[in-house]
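Here the structure is laid out as structure tokens; the discussion comes afterwards.
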Amino acid sequence: MISITLPDGSVREYDKGITSMQIALSISEGLARNVLAAEVNGEVWDASRPIEEDSSVKLLTWNDAKGKSTYWHSSAHLLAEALEALYPGTKFGIGPAIETGFYYDVDFGDTTISSDDFKKIEDKVIELAKTKSEYIRKPVSKADAIAYFTDKGDEYKLDLIKDLPDGGITFYTQGNFTDLCRGPHIPNTGAIKAVKLMSVAGAYWRGDESRKQLTRIYGVTFPKASELTDYLHLIEEAKKRDHRKLGKELELFAFSEKVGMGLPLWLPKGTALRERLTNFLQKAQVKSGYEQVITPHIGHKNLYVTSGHYEKYGADSFQPIKTPQEGEEFFLKPMNCPHHCEIYKTKPRSYKDLPVRLAEFGTVYRYEQSGELHGLTRVRGFTQDDAHLFCRPDQVKEEFKKVIDLVLYVFGALGFDNYTAQVSLRDPNNKTKYIGTDDNWALAESAIIEAAAEKNLPTVVEYGEAAFYGPKLDFMVKDALGRKWQLGTIQVDYNLPERFELEYTGSDNQKHRPVMIHRAPFGSLERFVAVLIEHCAGNFPLWLSPEQFIILPISEKYEEYAKKLSDELKDSDICGLIDFRDEKIGRKIRDAEVKKIPYMLIVGEKEAAEGLVSVRKHGTGDLGSMSIEEFKQQIIKEITV
Ligand SMILES: [Zn+2]
Ligand SMILES: [Zn+2]
């Protein structure tokens, strides 16, 4: 007998050679129907693979990320089988799962495949799926593997086999298709109920431009047809909300090749939005005891030699800026921390002065390959809502709690009510990888866990995910479409205080090292604005809207009245504009709707005579007429966050 430990900690006894599927069956038939694979001692296995020794087993279903990726990778095999059936002689490269779905790199010989062929291929995939063919694992010798693919004439598989050690090679067969694969796979093709091929693209074999270009077919599969429908709907909705599209339509930001790729230009409306965000955070930070600082956009090479960034990232960063005379080297600032360390050092600090909290909306520059750039989410220059907290080791927990409060305050004000946090701790079996004493790590790790628990933060703990210089807490938010984004982060650092020889005088009159905490509730303004645009589909909360109202005079005659109203609103810090165009009122309303301006104030003869405004709210409709004072009060109430 062997002992199997399940995730809930329960231990069950089974015969040696039991499979995960049989374990699932012994628990419930319903569960067994949903099992796609199993994690055995941390490694994902086929559910049909015999377990020979005491093990911990986690059954994987569609609801587990690893279950899903096994499912999608297995779908890639099925796609290959369909392609081989439809296009005999096709040769196959690799077919991995990706974040959503899978792809297969294929050499079709002289045949060209386009999206016109998708329907035919999808139908074949479903036809084959219905045969419920098992994925059968078979270890093969290197010689047999080579013989099989030589006979088949697939040079790509032969190229892969070349690098594999004899003894570790396995084949998987489902239906009429055999692939070279390490696995694991789902039990049989029957679980694949819906398929959609998403796109075709060219892909060089092994990513090498000097080698042959294969056809990459992207697809996605689901265990239920309704899930595919939901997924396609989500994609449509995401396209409509794409921040690159809305950023252009709402005139928030732009890019110019002349200025340089990945360097966003904030247009007036985007700048207004961004300034409101920074003012909002700055106000909250002042209340929490932060002090604002400003540091330059470049730093001397020696600064980054001291911080360690030069050694670690120097070669992959923007290359140095040199002075003409002295030949000194400066780097564009990749992060604000080294500058802040130097600010900390400008005067002696006592234990009573701590924590010192230095905040800066600091713009940093990091080299990203051009192919990696994406709207505002992957850029080469961005502004962090950065701050560094220098504190005593015994203050770490209190500081974490305060930062968590701040982050949740920010999320609340912006309508992100679905979030989790990941606590990243050190790998307990590999402590030498990390800098800092055992005592300090123990203190900081328990401080983070306790602070998160006391703040009722839903958390997952990941061992081995900490940076080499300290543990951290990352916030993940789910947007309105259910997509996850990593935003705010809080990170303990034992490294920089050491490298910069930061000190404070303790109550014992001795010198001590402070602990440094990096934190950024937004992450960066660029990324945050991108996520916010997609989350609210461009309908910003009123307090953030660059234009809160637009006055629509019915004709030229009421322009004077419109100007008077506008001035009155502006005096109360409510901003907006007047549509002076010589257009019909219906057209003016439609255009204002497109621009997603929260309030439209329509003024005509009746309004001007009685000192009123007719109010329309974006997305809601007609609110009737009211005095300007009433309207102002309503806005002020809505803006107060
Ligand atoms: Zn496989
Ligand atoms: Zn930092």
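The values are calculated or read from the model by the stated rules, or taken from the named source; none is laboratory data. All values derive from a computational prediction rather than experimental measurement. Note that each Cβ is placed from the backbone with ideal geometry, even for glycine, and that neighbours are counted across all protein chains shown. For accessibility, only protein heavy atoms count, side chains too; no ligands or nucleic acids. Shrake-Rupley method; radii C 1.70, N 1.55, O 1.52, S 1.80 Å.
Identify all residues within segment 508-552 that are touching a Cys at 6+ places or on another chain (Cβ under 7 Å) and either within 16 Å of ligand 1 (Cβ to nearest atom) or within 23 Å of Leu265 (Cβ to Cβ) (or both); write none if there are none.
Residue satisfying the conditions is Glu547 alone.
Return yes when Ser307 is in contact (Cβ under 8 Å) with a residue 24 or more places away in the chain, out of contact with any His (no Cβ under 9 Å at 6 or more places or on another chain) and away from ligand 1 (no atom under 16 Å from the Cβ) and no when it is not.
yes
Out of Val44, Val35, Val40, which single residue is open to solvent by less than 10 Å² (accessible area, probe 1.4 Å) and more than 18 Å from Ala129 (Cα to Cα)?
Answer to the selection: Val40.
Is there a residue being under 30 Å from Ser507 (Cβ atoms) and either surrounded by fewer than 22 Cβ atoms within 10 Å (Cβ to Cβ) or away from ligand 1 (no atom under 16 Å from the Cβ) (or both) anywhere in segment 411-424?
Scanning segment 411-424 turns up no residue that is under 30 Å from Ser507 (Cβ atoms) and either surrounded by fewer than 22 Cβ atoms within 10 Å (Cβ to Cβ) or away from ligand 1 (no atom under 16 Å from the Cβ) (or both).
Quick one: what pairs do we get from segment 235-251, first residue touching a residue at least 60 places away in the same chain (Cβ under 8 Å), second part of a helix (DSSP H, G or I), C-beta under 6 Å, 6+ apart or different chains?
Hits for this filter: Arg241/Glu534; His243/Ala530; His243/Ile533; His243/Glu534; Leu246/Ile533.
Can you name the residue in segment 462-491 that is within 13 Å of ligand 2 (Cβ to nearest atom) and open to solvent by 40 Å² or more (accessible area, probe 1.4 Å) and, of all such residues, is farthest from Ala421 (Cα to Cα)?
Looking at residues that are within 13 Å of ligand 2 (Cβ to nearest atom) and open to solvent by 40 Å² or more (accessible area, probe 1.4 Å), I get Tyr469.
For segment 551-596, give me each residue that is in a loop (DSSP other than H, G, I, E, B), in contact with a strand residue (DSSP E or B) (Cβ under 8 Å, 6 or more places away or on another chain) and either loosely packed, with under 12 Cβ neighbours inside 10 Å or among the aliphatic types (A, V, I, L, M) (or both).
Ile554, Ile574
Yes or no: segment 510-531 includes at least one residue that is among the polar types (S, T, N, Q) and at pLDDT 95 or above.
Yes.
So, in segment 432-448, exactly how many residues are within 18 Å of Arg392 (Cα to Cα) and either in a strand (DSSP E or B) or not charged (D, E, K, R) (or both)?
Adding up the residues that qualify gives 11.
Has segment 463-472 got any residue that is out of contact with any strand residue (DSSP E or B) (no Cβ under 8 Å at 6 or more places or on another chain) and not polar (S, T, N, Q)?
Checked against the condition, which is being out of contact with any strand residue (DSSP E or B) (no Cβ under 8 Å at 6 or more places or on another chain) and not polar (S, T, N, Q), segment 463-472 yields at least one hit.
Give segment 558-580 a look and list any residue that's out of contact with any Asp or Glu (no Cβ under 7 Å at 6 or more places or on another chain) and in contact (Cβ under 8 Å) with a residue 40 or more places away in the chain, or say none.
Correct list: Tyr558, Tyr561, Ala562, Leu565, Glu568, Leu569, Ser572, Ile574.
From Gly183, Gly219, Gly168, which residue is out of contact with any Gly (no Cβ under 7 Å at 6 or more places or on another chain) and either open to solvent by 40 Å² or more (accessible area, probe 1.4 Å) or within 18 Å of Ile121 (Cα to Cα) (or both)?
Going through Gly183, Gly219, Gly168 in turn, just one is out of contact with any Gly (no Cβ under 7 Å at 6 or more places or on another chain) and either open to solvent by 40 Å² or more (accessible area, probe 1.4 Å) or within 18 Å of Ile121 (Cα to Cα) (or both): Gly168.
Tally the residues that are under 24 Å from Gln384 (Cβ atoms), open to solvent by 20 Å² or more (accessible area, probe 1.4 Å) and part of a strand (DSSP E or B), restricting the search to segment 492-542.
So the count comes out to 1.
If a residue must be surrounded by 13 or more Cβ atoms within 10 Å (Cβ to Cβ) and more than 21 Å from the chain's Cα centre (by Cα), how many such residues does segment 231-260 contain?
6
Each row is one residue, and each column tells you yes or no for (1) touching a residue at least 60 places away in the same chain (Cβ under 8 Å); (2) in contact with a helix residue (DSSP H, G or I) (Cβ under 9 Å, 6 or more places away or on another chain); (3) of a type in the set (Gly, Ala, Ser).
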residue	(1), (2), (3)
Ile27	no, no, no
Val35	yes, yes, no
Val40	no, yes, no
Glu53	no, no, no
Lys66	no, no, no
His77	yes, yes, no
Leu86	no, yes, no
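So is Asn429 in contact with a Lys or Arg (Cβ under 6 Å, 6 or more places away or on another chain) and polar (S, T, N, Q) or not?
no
Within the group Val57, Val44, which residue is more than 25 Å from Phe149 (Cα to Cα), within 16 Å of ligand 1 (Cβ to nearest atom) and assigned to a strand (DSSP E or B)?
Within the list Val57, Val44, the selection yields Val44.
Among all residue pairs at least 6 apart or on different chains, which show Cβ distances below 9 Å where the first residue, located in segment 164-184, is β-branched (Val, Ile, Thr) and the second is open to solvent by 40 Å² or more (accessible area, probe 1.4 Å) and within 11 Å of ligand 1 (Cβ to nearest atom)?
Pairs found: Ile169/Arg182; Thr170/Arg137; Thr170/Arg182; Thr173/Arg137.
How many residues are open to solvent by 50 Å² or more (accessible area, probe 1.4 Å) and in a strand (DSSP E or B) when one looks only at segment 6-27?
Qualifying residue count for the region: 3.
Under the condition of being free of Cβ contacts under 8 Å to residues at least 40 places away in the same chain and small (Gly, Ala, Ser), which residue from segment 90-122 is farthest from Asp46 (Cα to Cα)?
Ranking the candidates gives Gly109 first.
Just wondering, is there one or more residues in segment 198-209 that are surrounded by 14 or more Cβ atoms within 10 Å (Cβ to Cβ) and within 24 Å of the chain's Cα centre (by Cα)?
Yes, because at least one residue in segment 198-209 is surrounded by 14 or more Cβ atoms within 10 Å (Cβ to Cβ) and within 24 Å of the chain's Cα centre (by Cα).
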